[in-house]
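The values are calculated or read from the model by the stated rules, or taken from the named source; none is laboratory data. From a predicted model like this one, the values you see are computed outputs, not experimental measurements. Here the Cβ positions follow ideal geometry from the backbone for every residue, glycine too, while neighbour counts run over all protein chains shown. Protein only, heavy atoms only, side chains kept; ligands, DNA and RNA dropped before computing areas. Shrake-Rupley method; radii C 1.70, N 1.55, O 1.52, S 1.80 Å.
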Amino acid sequence: MSKRIASLFSGCGGLDIGFTGGFDFGGFHYDKLATKIVFANDVDQDACTCYNSNSLLTNDGSLCTLSDIRDIESCDIPDFDILLAGFPCQPFSNAGKRKGVNDDNGRGTLFAECERIIKDKIELGNKPQAFVFENVRGIMSSKMPDGITCVPDEITNRMKRLGYNVSIKLVCASDYGVPQKRYRVLIVGIDDRLGIGQYDFVSMEKLVVDNNIPSEHFGKAEELLIGRVLQNIDNTMDNDVWSFSPGTQNMVNLIGPCKHGEKALSYFIDGYSINELPKECFEGRSWKDIPYEKLSERFRKIADNPQKYHAPKFFRRFAFGEINGTITASAQPDKCGITHPIENRRYSVRECARIQSFPDSYSFGSIPLQSRYKVIGNAVPPVMAWVLAKTLLNFLPKDN
């Protein structure tokens with residue numbers, strides 16, 4: 001019998017793809033899982049449209065509903081076994097203003113909606129077996145209004161009061177089959193009545209090793225390098241590119257392409273050895289590669305006083321021999337590694353999707369171009385989500 005999944009803050013469906021399974025990525029097949037999505041929701045029109053345009057998620061007949069979760073009654077959500085919730089991360093992001101739970105528009109308190117729904121289901125005698133919350137690592141240091149209690153501790157305490165054993169871990173997606181150094185906090189709760197204790201995050205590592213899934217630290221890291229990820233991408237769908245603004249384009253042109261050039265892409269084929277690659281394949285670029293006399297006044301100030309500004313690597317440009325950094329929703333090159341290694345342009349939609357581990361069959365073409373970058377950057381990487389889902393389902397008791 002399939003585990004019933006309720007998905008809140010679903011976005012374009014990255015977490016849901018992982019918990020559904022049945023897709024291919026990077027030459028690997030990720031099996032269909034014994035799950036059924038019975039409810040999905042998001043407040044963003046483009047995210048819902050994208051989600052509902054892909055049969056991988058809608059084959060079971062469940063569409064992503066467009067509404068604010070605060071307007072949805074618990075009784076309108078079908079009973080479920082597992083709750084997924086990647087509640088909005090912006091209030092907790094290191095790149096944001098870090099207002100945390102005091103965010104003016106209320107996004108920082110949306111995890112309380114998850115608590116409300118679970119609590120209501122418990123009161124009706126339909127206690128979920130588990131929940132999965134996902135957020136940026138900035139949540140680890142975010143405080144409650146008392147200025148003392150950390151948000152993860154508050155979440156843990158509230159869920160314990162509802163009868164859940166809670167596990168929390170900061171993970172990097174590149175350890176779990178995703179070609180991206182993307183750090184996120186996973187919070188997993190298990191119904192304490194099941195008598196199986198806490199979810200063990202070590203099981204994710206074991207699954208990766210046992211299934212030969214590429215991992216930065218556990219084996220086959222060469223499959224996650226940019227030069228490998230960008231192979232055979234020219235004829236894929238959603239390969240459109242969002243142009244830079246004139247000022248940004250000028251900066252990218254001044255930084256210039258990575259030294260390894262286009263010829264290096266041919267090195268990244270099946271059977272190559274990382275040790276045989278020229279050192280240039282591992283050398284990325286940034287604003288620091290622009291001659292001082294060509295820097296803008298802003299960057300000259302940073303260059304003149306690197307200790308004050310910590311000499312950040314704005315306009316990061318990763319090389320073919322590196323694992324890409326975090327793809328963000330804004331897709332701005334001054335804040336993330338979104339610039340192609342050798343072409344003076346933004347990564348295409350499909351290149352971003354690959355870096356986030358979306359299967360090539362997953363379409364983003366139903367929404368405007370800029371929105372495609374946004375929903376991809378906001379998503380949970382599907383492959384990492386699959387590793388989590390597979391291990392969680394193995395952990396939970398099988399239904400009769």
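Numbers for the structure displayed
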quantity: Helix-only CD estimate at 222 nm, as mean residue ellipticity for the chain, using -39500 (n - 2.57) per DSSP H run (n ≥ 4); calculated: -7500 deg cm²/dmol
quantity: Size of electric dipole in the stretch 276-400: Cβ of Lys, Arg +1 and of Asp, Glu -1, about Cα centre, debye, nearest 20; calculated: 380
quantity: Cα centroid of the stretch 343-400 to Cα centroid of the stretch 167-218, whole Å; calculated: 17
quantity: Relative contact order (%) - the stretch 246-392, alpha-carbon pairs under 8 angstrom, separation at least six; calculated: 22
quantity: Local electrostatic count, Q332, Cβ distance below 12 Å [Lys/Arg +1, Asp/Glu -1]; calculated: +3
quantity: Farthest positive-ward along the chain dipole, Cα basis, beta-carbon charges - from Y51, V202, P341; calculated: P341
quantity: Which of L295, I323, I269, positive extreme of dipole for the stretch 258-325 (C-beta unit charges); calculated: L295
quantity: Lys, Arg +1 and Asp, Glu -1 on Cβ, resulting dipole of the stretch 110-244 about Cα centre, debye, nearest 20; calculated: 440
quantity: The stretch 214-353, dipole about Cα centre (Lys/Arg Cβ +1, Asp/Glu Cβ -1), debye to the nearest 20; calculated: 660
quantity: Portion, in percent, of the accessible area of the chain that falls on carbon or sulfur, probe 1.4 Å; calculated: 48
quantity: Under 12 Å, Cβ to Cβ, from Q129 - net charge with Lys/Arg +1 and Asp/Glu -1; calculated: +1
quantity: Centre separation in Å (Cα based) which lies between the stretch 220-274 and the stretch 22-48; calculated: 27
quantity: Environment charge of P381, counting only residues whose C-beta is closer than 9 Å and scoring Lys/Arg +1, Asp/Glu -1; calculated: +2
quantity: Residue among R345, R316, R298 with the largest mean-square fluctuation in a Gaussian network model of the chain, springs linking Cα atoms under 10 Å; calculated: R298
quantity: Per-peptide average of other Cβ atoms within 10 Å, ordering 172-179, 362-369, 323-330 highest first; calculated: 172-179, 323-330, 362-369
quantity: Viscosity 1.306 mPa s, temperature 10 °C, Stokes-Einstein D of the chain from Kirkwood C-alpha radius, µm²/s; calculated: 72
quantity: Average accessible area per residue (Å²) across the stretch 213-258 - probe 1.4 Å, nucleic acids and ligands excluded; calculated: 46
quantity: Share, in percent, of DSSP beta bridges within the chain that are antiparallel, nearest 5; calculated: 55
